[in-house]
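Enquirer: The structure that follows is given in the form of structure tokens.
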Amino acid sequence: MFGVKTVAAAAVTVFLAAGGGGGGGGGGGPGVPPAPTGLQATAGDGRVTVSWSPATGATLYNLYWSSSAGVTKANGTRVGVAAASYDLGGLANETTYYFVVTAANQAGESSESAEVAAFPVATNTCVATTPGSLVGCGSAVQAGAQSVILVKGALVCSGPAACQVAIDGKSVTIRGAPGATIRRIDHHDYPLFQVLNSSRAVVSDLIIDEDPSVPCTPVSATNPPVENKACASTIDMWGVSDASIDDVTIANSKSTAVTLSTGGDASVTHSRFIAPYAVGLVVGALTGSFVVADSLFWHSASNAFVLSDAHGTSQAPLRFTRNFFEHNHRADIYYTCGPQANAQCSGGQMLIYGGIDFLRIENSVFRLGSTDGNDTPVGGVEINPTNVHDLVLSGNDIHAHGMWGVYANPDPSDFARVSFVNNKLYDNGLDPDYLGVDIGNFTAGIVTESGTCHTPDCAAVPLGALWALPDRTVSWVSNDLGNPIVTVNGTTVATTANGQTIAPPGATVVLSDGPTEIDRLTAP
């Protein structure tokens, strides 16, 4: 049933005249008043105040509202109002509401006013809809006035420090409203978000594109390498007691996409690190818990993920689970190897740099390890074997690497207990120098192995990931899906394991394996 919904206001009589709509009345009485003008909507915390200019001849007004645009007398929720303003409470924060008003008297009801919209938020939330307001929200958090930055819409950052948010000593949450994007097209010489010495910092629900058309060389081709200050990272968190990255896509970072260092707890979940010019994620010097889960590391120039100086326990290990690595370490950007220590360095898609206790790498995929020119072999999991103890690799699919699938660098020191349990390892060591070996360069007594299989179909590790960019492209990769299906708003658009499509803004895109959903996103 599609009748008009009515919310009664105290002591107000609502007049609805049959056929009323802004014409004159008959019999010499007052005519139907004109539609109100000057409508304004001011958002608060769970409420919106709507005001308008009084209409000549009106004895009352009808406010119609909806959470969908195009509100009319026929489809809106109605509130009868005696004065030319109304404070509507009980609304959901971070939802856009739309309003029109009519004027009425005994002769009838006018047509609708122009529509206005408002977006209520909590009092601790600052809404950023432009680069300038994003910077202003950062200042508000630093001043202690607010603690949440909500990015809304599509921000394009151009100019010196145009979108810089730098927080020191304050807790902050930076997150996106549905479909929010940030695109930086120049001045990549500062981190977009930097949080220092905070008890808690969260970045979530955002798509950030650093523009692939802009070249940047993050480090020099020298030993020692020199960082290029014109190529900054995208997100830096240092000294944060509880750091979280959730449902964030960062594409084309000019250096390292995310650094989490010298902190307490750290978690990275359902995030996408797409083609960074250096490293996707660097985590180090943690004193608390650590988890990376359900994330994609795709086409990093150097190692996609570097972990150092983090310590779990047998009861509470560091967790790395259900992550997808494809074609990382594709450019060999560091020149510190070879007999003269000035040649390009090969490496692994993931690097365990040292100082690690009780790490579990589980149910993850590492595949297609090679440089873009396929001239330097790349490995899967690389271990720098200094102060590293109690690693477990379980249920992973590691295949198609020029180097070993999992390997230790030379000169181990205080290196003990690496366990392989029920992994699928095949087509590794493809370069002739690595002799087709899957697990390589470990000294005797370090490794225990059980349940390993060595063919593509010997076990299944089904994983998949979708990601979207501001240009409306949606891409996906998958592994071991028997029946991959990609739908846009419920309509099948592809049945390929990997691919790309275009999705309209707000569309729901789902990657499935037959009836089983693997991943979903809302297109920006």
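The values are calculated or read from the model by the stated rules, or taken from the named source; none is laboratory data. From a predicted model like this one, the values you see are computed outputs, not experimental measurements. Because the Cβ atoms are built from the backbone with ideal geometry, glycine has one as well, and the counts that use them run over all protein chains shown.
Enquirer: Having 1 or more residues that are loosely packed, with under 12 Cβ neighbours inside 10 Å, in contact with a helix residue (DSSP H, G or I) (Cβ under 8 Å, 6 or more places away or on another chain) and of a type in the set (S, T, N, Q) is the bar; report the strands (runs of 3 or more DSSP E) wholly within the stretch 470-524 that clear it. It would help to see each step written out before you state the result.
Expert: Values: elements: 473-479, 484-488, 491-494, 499-502, 508-513, 516-522.
It comes to none.
Enquirer: Read through the list (1) in contact (Cβ under 8 Å) with a residue 40 or more places away in the chain; (2) in contact with a Ser or Thr (Cβ under 8 Å, 6 or more places away or on another chain); (3) under 19 Å from Phe324 (Cβ atoms), then give the number of the only condition that Gln500 fails.
Expert: (1)
Enquirer: Could you give every pair whose Cβ atoms fall below 8 Å, whose first residue belongs to the stretch 221-245 and is within 15 Å of Ile167 (Cβ to Cβ) and free of Cβ contacts under 8 Å to residues at least 24 places away in the same chain, and whose second residue is of a type outside the set (D, E, K, R) and surrounded by fewer than 18 Cβ atoms within 10 Å (Cβ to Cβ), counting only separations of at least 6 or pairs across chains?
Expert: Pairs found: none.
Enquirer: Quick test for you: out of His270, His311, His329, pick the one residue that is surrounded by fewer than 22 Cβ atoms within 10 Å (Cβ to Cβ), in the same structural domain as Ser220 (by TED's automatic domain parsing) and over 21 Å from the mean Cα position of the chain (by Cα).
Expert: From the options His270, His311, His329, the qualifying one is His311.
Enquirer: Could I ask something else about it? Here are some residues: Ser267, Ser302. Which one is in a loop (DSSP other than H, G, I, E, B) and either modelled with pLDDT of 95 or more or among the aliphatic types (A, V, I, L, M) (or both)?
Expert: Ser302
Enquirer: Yes or no: Thr72 modelled with pLDDT of 95 or more, under 38 Å from the mean Cα position of the chain (by Cα), surrounded by 13 or more Cβ atoms within 10 Å (Cβ to Cβ) and assigned by TED's automatic domain parsing to the domain that holds Gln106?
Expert: yes
Enquirer: Condition test on Asp375, is it assigned to a loop (DSSP other than H, G, I, E, B) and surrounded by fewer than 18 Cβ atoms within 10 Å (Cβ to Cβ)?
Expert: The answer is yes for Asp375.
Residue-by-condition table, conditions (1) touching a residue at least 60 places away in the same chain (Cβ under 8 Å); (2) not in a strand (DSSP E or B):
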position: Phe415; (1), (2): no, no
position: Val418; (1), (2): no, no
position: Leu425; (1), (2): no, no
position: Asn428; (1), (2): no, yes
position: Val437; (1), (2): no, yes
position: Phe442; (1), (2): no, yes
position: Glu449; (1), (2): no, no
position: Asp457; (1), (2): no, yes
position: Val461; (1), (2): yes, yes
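Enquirer: Which numbered condition in (1) within 29 Å of Asn479 (Cα to Cα); (2) surrounded by 22 or more Cβ atoms within 10 Å (Cβ to Cβ); (3) more than 19 Å from the chain's Cα centre (by Cα) is the only one that Thr234 fails?
Expert: Answer for Thr234: the failing condition is (3).
Enquirer: Suppose we keep only residues that are free of Cβ contacts under 8 Å to residues at least 60 places away in the same chain and assigned to a strand (DSSP E or B) within the stretch 93-109. Which one would you say is surrounded by the most Cβ atoms within 10 Å (Cβ to Cβ)? Before you say what the answer is, go through the steps one by one.
Expert: Initial filter on the stretch 93-109 (free of Cβ contacts under 8 Å to residues at least 60 places away in the same chain): 93, 95-98.
Subset that is assigned to a strand (DSSP E or B): 97-98.
Values: Tyr97: 23, Tyr98: 18.
Result: Tyr97.
Enquirer: Within the stretch 175-189, how many residues are buried (at least 19 other Cβ atoms within 10 Å of the Cβ) and without any contact (Cβ under 8 Å) to a residue 60 or more places away in the chain?
Expert: Total meeting the criteria: 4.
Enquirer: Taking the criterion of being within 27 Å of Gly264 (Cα to Cα), modelled with pLDDT of 95 or more and in a loop (DSSP other than H, G, I, E, B), would at least one residue in the stretch 170-186 satisfy it?
Expert: Yes; the residues of the stretch 170-186 include at least one that is within 27 Å of Gly264 (Cα to Cα), modelled with pLDDT of 95 or more and in a loop (DSSP other than H, G, I, E, B).
Enquirer: Could you look through the stretch 30-60, keep only residues that are more than 16 Å from Gly108 (Cα to Cα) and β-branched (Val, Ile, Thr), and pick out the one that is farthest from the chain's Cα centre (by Cα)?
Expert: So, considering only residues that are more than 16 Å from Gly108 (Cα to Cα) and β-branched (Val, Ile, Thr), the one farthest from the chain's Cα centre (by Cα) is Thr37.
Enquirer: Within the stretch 448-459, can one find any residue that is closer than 30 Å to Ile274 by Cβ, surrounded by 14 or more Cβ atoms within 10 Å (Cβ to Cβ), outside the structural domain of Val388 (by TED's automatic domain parsing) and not small (Gly, Ala, Ser)?
Expert: Within the stretch 448-459, one or more residues are closer than 30 Å to Ile274 by Cβ, surrounded by 14 or more Cβ atoms within 10 Å (Cβ to Cβ), outside the structural domain of Val388 (by TED's automatic domain parsing) and not small (Gly, Ala, Ser).
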